[in-house]
Structures are given as C-alpha cells and as structure tokens.
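Please treat every number below as a calculation from the coordinates, not as lab data. Predicted, not measured: the structure shown is a model, and the values here were computed from it. FYI the Cβ positions are ideal-geometry reconstructions off the backbone, even for glycines, and counts take in every protein chain you see.
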Amino acid sequence: MIKMVKKMIVNMIEMLENAKKGSYAVPHFNINNLEWAKYILEEMEDLGRPVILGVSEGASKYMGGFKVVADMVKALVSSLNITIPVCLHVDHGSSFEVCKEAIDAGFSSVMIDASKYPLEENIRITKEVVSYAHERGVSVEAEVGHIGGSEDNVSASSFNATLEEALALCNETQIDAIAPALGSVHGLYKGEPNLDFTLMQEMKEKLPVPMVLHGGTGIDDEKITKAIACGISKININTELQIVWSKDVRKFLALHEEVYDPRKIIGSGKDAIQKRVREIVTLYEKNRK
C-alpha cells in the first residue's frame, strides 16, 4: 500500500501535458482542512479524473505545517483507496526556503512566486527552486507579471505579463508550467474580469510549457471555455468552494441552532463542495478532444 500511495502522489507534468494536448484544463483546488481534502478526493475519484490539491502558506500554517499536510493527504489517498493521480502542490510559495520545506515534507509540486521582484531576480530565484525540485522529481510552476487580489481588479491589465518576459522565464529556468498575469485576480471580482485572450493565444503558440490561470472564481463559463481554448491547462479555484460551503453551513446552522458537533457543522457543506467540483470539471472538459 505504501508503494501505491507514493505512485499516486505525483507531480503535475504529465497531467498538464495531457491537458494541453487534449484542450481541457486540470482543476487545482485549494484545500483548507482535512474535510476539504477528503471531499475533493472522493469526488474526483468518482469522476475518474486527476486533481491538483493546492496548499497556500497560510493554509499550511493553519493545518500545522507542510509535513502535517503531506502526511494527511497521503493517508487519505491510502485510506480512501484513491486511484486517480493526485498532485500535492504549494500555491504561491514566497521563497526558495518555503518551497524547499514543502519538497522535503513530501509535496510533489511547488509554485515559486517571485513575481514581485524584477524579472532578473525572479529568474534567479526560480532557477534555484527548479534545480532543487527537479533533482527530486518535483514539478515547478512560476509566475510572471502580477496576479493581484480583488483590490487590484480595476487596473488588473496594468499588471499583465508580456510575451518576452514569459519566454525568458520559461527558457532560462526550465519551469514546468507558467502563470502569466493576463487580467485575472485572486478572490472576488469587483467588476467584469478583463482577460487578455489575444496575448493568451499568442503565448499558447510560443511558450514551451502549459499555462496556468489563477483567480478562476467569478470568471463566467464562456470566458473559462475561451481561456482553455487559448491554451490554459490548469485553473486554480479556492474562493468559489469556500463560498458554496459557507452558504450551506449557514443554512444548516440557522435550521439547527442546537447542533454543536463540529463534524456535523463542517459536514453540512460537503454536498455543496462536491456538487461544485463536479460542475467545474464538466466545464473544464467541455471541449475535450
């Protein structure tokens, strides 16, 4: 069983290469606790589709650290008899040290986000992460441009990456996936998402690695489908699952004020998460070849 768990916790290279060839996107769902991971794994196993479980630095600290998270996910994969490929991925690792800690703890993939630095420094830090990760069979995603929060939504386009920057980051670092800022933001949108599909299509044709779209929550289905057609092979979702979960939990608590068992309270949002996961996968594979 240990051997099977090691095999099923994989990096995301093959997942994304298959998605790129097949014109669909692999979902990256951020997890926030054991229940979140369990619900997503169960639903993705039922769908028979690979999944990327994303863990932010904040979520990792909340759950007790990268080692706790890695051991928890591996145990769930084993105990739930999960047979689909599962990638355990650091979302927005802020430094080489953070990525190294996650890799040493058992993560199979990391994102190094050095986009706040000038391109030259971004490349230097990313190369350091790639060198350490690739020696251990771990995949690496990096960001270029600036994918901000919802407070940046009004001027999101001003943070966009350029094709030249994206090419330089790919070619000089040998990353496995790139998250170019193309108008999306994290969290909820204050207005309409302003994605640069023209640049996205150009990057699809010229970049050597799959592209990632951050800030998938709040982008309408038509734009998601178009983004996938323009080369997006991985889409990150976090806020969307938090919203549907919290909505059902609030309904449950309003109807059952006497309930104090945290298992019942947290579990009241399970169906909402799994329903939304299924809908997202269906959308991402709408035009799958």
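Within the chain, what is the longest stretch that has no GluC sites (Glu not before Pro) placed in a DSSP loop and near at most 11 other beta-carbon atoms within 10 Å?
1-134
What do you get when you divide the Cα radius of gyration of region 222-289 by 2.2 N^0.38 Å, with N the number of residues?
Compactness ratio reported: 1.46.
Straight-line reach from LYS206: which aspartates and glutamates fall under 19 Å, measuring Cα to Cα and dropping same-chain residues less than 8 apart?
GLU17, GLU141, GLU143, GLU164, GLU165, GLU172, ASP176, ASP196
Please list the non-local residues whose amide H lies under 5 Å from the amide H of HIS92, H modeled 1.01 Å from N, same-chain partners needing a gap of 5 or more.
Distant-sequence amide H within range of HIS92: MET111.
Mind checking which of ALA254, ALA114, ALA177 has the largest fluctuation in a GNM of the chain, springs on alpha carbons under 10 Å?
With Cα springs under 10 Å in the chain, the top fluctuation among ALA254, ALA114, ALA177 is at ALA254.
For the chain, modelled as a Gaussian network with Cα springs under 10 Å, which listed residue fluctuates most, ARG136, ARG278, ARG263?
Sorting by GNM fluctuation, first place goes to ARG263.
Considering the dipole of the chain built from charges on the beta carbon (Lys and Arg +1, Asp and Glu -1) around the Cα centre, which of VAL10, TYR117, PHE29 is farthest to its positive end?
So the residue we want is VAL10.
Nothing charged except the Cβ atoms of Lys and Arg (+1) and of Asp and Glu (-1): what's the magnitude of the dipole of region 32-163 about its Cα centre? Round to the nearest 20 debye.
Computed about the Cα centre, the dipole is about 260 debye.
What number, rounded to the nearest 500 deg cm²/dmol, is the helix-based mean residue ellipticity at 222 nm of the chain, given -39500 (n - 2.57) per DSSP H run of at least four residues and division by all its residues?
Result for the chain, helices only: -15500 deg cm²/dmol.
Label region 1-104 by shape, choosing from rounded, prolate and oblate, from the square roots a ≥ b ≥ c of the eigenvalues of the Cα gyration tensor; if a/c is under 1.5 it is rounded, and otherwise prolate applies when a/b is larger than b/c, oblate when it is not.
Verdict is oblate for region 1-104.
Which lysines have a Cα lying under 20 Å from the Cα of LYS251, excluding residues fewer than 8 positions away in the same chain?
LYS264, LYS270, LYS275
Of the residues LYS251, LYS270, LYS38, which exhibits the maximal mean-square fluctuation in a Gaussian network model of the chain defined by a 10 Å Cα contact cut-off?
LYS251
Sort all Cα-Cα distances of the chain into consecutive 5 angstrom bins from zero, then give the percent of pairs in each bin up to the one containing the longest distance.
Histogramming the chain at 5 Å steps yields 1, 6, 13, 17, 20, 18, 13, 8, 3, 1, 1, 0 percent.
Karplus couplings for region 58-66 from phi (6.51 cos²θ - 1.76 cosθ + 1.60, θ = phi - 60°), rounded to Hz, Gly and Pro as x?
Ordered by residue, 3J(HN,Hα) equals x, 5, 4, 4, 4, 8, x, x, 4 Hz.
Compute the angle between helix 119-134 and the longest alpha-carbon principal axis of the chain, please, reported from 0 to 90 degrees and rounded to the nearest 10.
For 119-134 against the chain, the angle is about 60 degrees.
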